[in-house]
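Written out below as structure tokens is the structure these notes cover.
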Amino acid sequence: EELHATGLSHNEAFFKTDHHWTIETAFWAFGTMVDYLENILLVQIPDEYTDLESYNLETRKEKVLGSNGRRTGISYGGLDELTLIYPKFTTQLTFEAVEEKIYREGDFKEAYMVYERLEGDNLYEMGQYDVYIGEDYPSTIQRCEDAPCNKKILLIKDSYFRPVQAFLGLIFTEVDTIDMRY
């Protein structure tokens with residue numbers, strides 16, 4: 001309902017070769033969720049966390065061939081561009097995919113982004129949308145000791161949520177996720 005209220009068209013909100021939101025739409029969803037969570041948790045999150053001006057935008061032209069595009073081919077739908085969004089402000093974060101024994105720490109790009117997903121030329125094998133968080137994991141734990149909200153949250157998620165999940169990891173001291181599909 002919130003997305004439709006913005007007036008964004010489907011073509012603006014989603015990749016043309018994939019069923020997922022663009023990263024810009026995921027960032028919008030993150031801001032919308034923070035507004036909602038502020039009200040129900042009775043907390044105030046500093047505006048810089050949801051203000052796009054506080055983030056770097058790195059656009060990669062013709063870099064995404066989504067799952068739909070991999071089924072039909074580049075000649076049918078072309079390639080999407082990918083805009084990566086990451087904080088300008090300093091962050092110190094950790095990410096853990098429990099079952100896979102994956103652990104990353106550092107700033108946002110080191111802990112929550114997997115740049116290897118953008119390397120190589122075989123668009124049919126790489127999931128460029130996976131640059132945020134990585135793959136779909138059964139469960140993850142994200143920690144941010146300097147988070148503006150001293151709360152832990154549990155999210156039941158699917159693949160749409162990976163970029164949103166990464167951004168929420170800036171807000172709360174701990175974000176745990178469970179993907180029921182796995």
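The values are calculated or read from the model by the stated rules, or taken from the named source; none is laboratory data. Given the structure is predicted, the values throughout are model-derived calculations rather than measurements. Every residue, glycine as well, gets a Cβ built from its backbone with ideal geometry; the counts of neighbours run over all protein chains shown. The area values use the complete protein model at the heavy-atom level, side chains included, leaving out ligands, DNA and RNA. Shrake-Rupley method; radii C 1.70, N 1.55, O 1.52, S 1.80 Å.
Below 8 Å, C-alpha to C-alpha, sequence gap of six or more: please give me the relative contact order for the chain in percent.
20 percent
Where does the chain land at 222 nm, in deg cm²/dmol rounded to the nearest 500, when only DSSP H runs of n ≥ 4 count, each adding -39500 (n - 2.57), divided by all residues?
-7000 deg cm²/dmol
How much accessible area per residue does the chain have, counting only protein heavy atoms and a probe of 1.4 Å, in square angstrom?
Using a 1.4 Å probe on heavy atoms only, each residue of the chain averages 53 Å².
Would you rank R117, R143 by solvent-accessible area, highest first, keeping every protein chain in place and using a 1.4 Å probe?
R143, R117
What does DSSP give for the chain in terms of the percent of beta bridges that are antiparallel, rounded to the nearest 5?
Numbers: 23 of 29 bridges.
Among the beta bridges of the chain, antiparallel pairing accounts for roughly 80 percent.
List every residue whose amide H lies under 5 Å from the amide H of K151, counting only residues 5 or more places away in sequence or on a different chain, with H placed 1.01 Å from N in the peptide plane.
Result for K151 returns T173, E174.
Amide H neighbours of L84 under 5 Å, at least 5 residues apart or on other chains, H built in the peptide plane: list them.
Result for L84 returns E58, T59, R60.
Sorting check: for 46-54, 82-90, which peptide has the highest mean count of neighbouring beta carbons within 10 Å, and how do the rest follow?
Ranked from most to least packed, the peptides come out as 82-90, 46-54.
Can you pull the percent of the stretch 1-53's accessible area that's carbon plus sulfur, 1.4 Å probe, other chains left in place? Present the calculation step by step, with values, prior to reporting the outcome.
Values: 1730 of 3330 Å².
Answer for the stretch 1-53: carbon and sulfur cover 52 percent of the accessible area.
Taking a quarter of the surface of the convex hull around the Cα atoms of the chain, what do you get in nm²?
10.6 nm²
For Y132, what residues show an amide H to amide H distance below 5 Å, using hydrogens built from the backbone and excluding near sequence neighbours?
Under 5 Å from the amide H of Y132: V114.
Cα axis of helix 23-41 to longest principal axis of the chain: angle in degrees, 0 to 90, nearest 10?
Rounded to the nearest ten degrees, it is 20.
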